[in-house]
Amino acid sequence: MSFAAKYINAWLRVAKTVDVAAVERAVEVLAAARERDATVWTVGNGGCGALASHLAIGLTLNTLRSGGRPFRAVCLNADAAALSAAVNDFGSREALKVLLECNGRAGDVLCAFTVSGESANVNRVIAAAGASGMPVVALVGTPGSTSARLAEHSVLLGSAEPGIAEDVASAVIHAMYCSFMYEGSPSLPDGFVSAH
């Protein structure tokens, strides 16, 4: 069996371990944030940072494009100028936390992405969000990690291998924001499942 086939088979096995009820709870947290006109802040490093940006785009532009009611959603790691200024002034461990403290409000929501659950900068922003009254949803690869313990709501990704965990996280975030893109639809839209 090729490496590619082994990878796909591993992904399929890991994807089956995702707790759908945990994803549904995360969707409920987001829905409540939209109802109170709160901002959803997203955050991560590297590939997880790209996923964080993708969730913010899905909740805003994609939801609006589909005719849904968009969120207030911002990715903390997406503004390179602000992030580099925060790193310069406060250091890399504190930069994301400081950006959230400058812009966030009690009642906002933080969605954090981390495979290891031990990234100091991500854990600093999770702790700060919780301390300021923000519900925190963490998509995390490692169940006993600091991030999983700090977050009010955790969605476990079933793998500590970054590629697999980030692939699973991608499916989870699509499930999350598509819940708002297609809210009111009685079933999955055409094209979701192959006809063959």
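Observations on the structure shown:
- For segment 59-93, the tally of residues that are open to solvent by 40 Å² or more (accessible area, probe 1.4 Å) and within 16 Å of residue 42 (Cα to Cα) stands at 8.
- Where a residue in segment 133-156 is acidic (Asp, Glu) and its partner, wherever it lies, is assigned to a strand (DSSP E or B), with Cβ under 7 Å and at least six apart: 152/136
- Subset of segment 34-58 [touching a Cys at 6+ places or on another chain (Cβ under 7 Å), polar (S, T, N, Q) and either open to solvent by 20 Å² or more (accessible area, probe 1.4 Å) or farther than 18 Å from residue 120 by Cα (or both)]: 53
- Going through (1) in contact with a strand residue (DSSP E or B) (Cβ under 9 Å, 6 or more places away or on another chain); (2) in a loop (DSSP other than H, G, I, E, B) one by one, residue 92 falls short only on (1).
Each row is one residue, and each column tells you yes or no for (1) open to solvent by 20 Å² or more (accessible area, probe 1.4 Å); (2) at pLDDT 95 or above.
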site: 142; (1), (2): yes, no
site: 146; (1), (2): yes, yes
site: 149; (1), (2): yes, yes
site: 152; (1), (2): yes, yes
site: 155; (1), (2): no, yes
site: 164; (1), (2): no, yes
site: 169; (1), (2): no, yes
site: 172; (1), (2): no, yes
site: 177; (1), (2): no, yes
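- Of all positions in segment 184-196, none carries a residue that is in contact (Cβ under 8 Å) with a residue 12 or more places away in the chain and either polar (S, T, N, Q) or more than 27 Å from residue 8 (Cβ to Cβ) (or both).
The values are calculated or read from the model by the stated rules, or taken from the named source; none is laboratory data. Not measured: the values here are computed from a predicted model. We place every Cβ from the backbone using ideal geometry, glycine too, and count neighbours over all the protein chains shown. We work out accessible area using only protein heavy atoms, side chains counted, and drop any ligands, DNA or RNA first. Shrake-Rupley method; radii C 1.70, N 1.55, O 1.52, S 1.80 Å.
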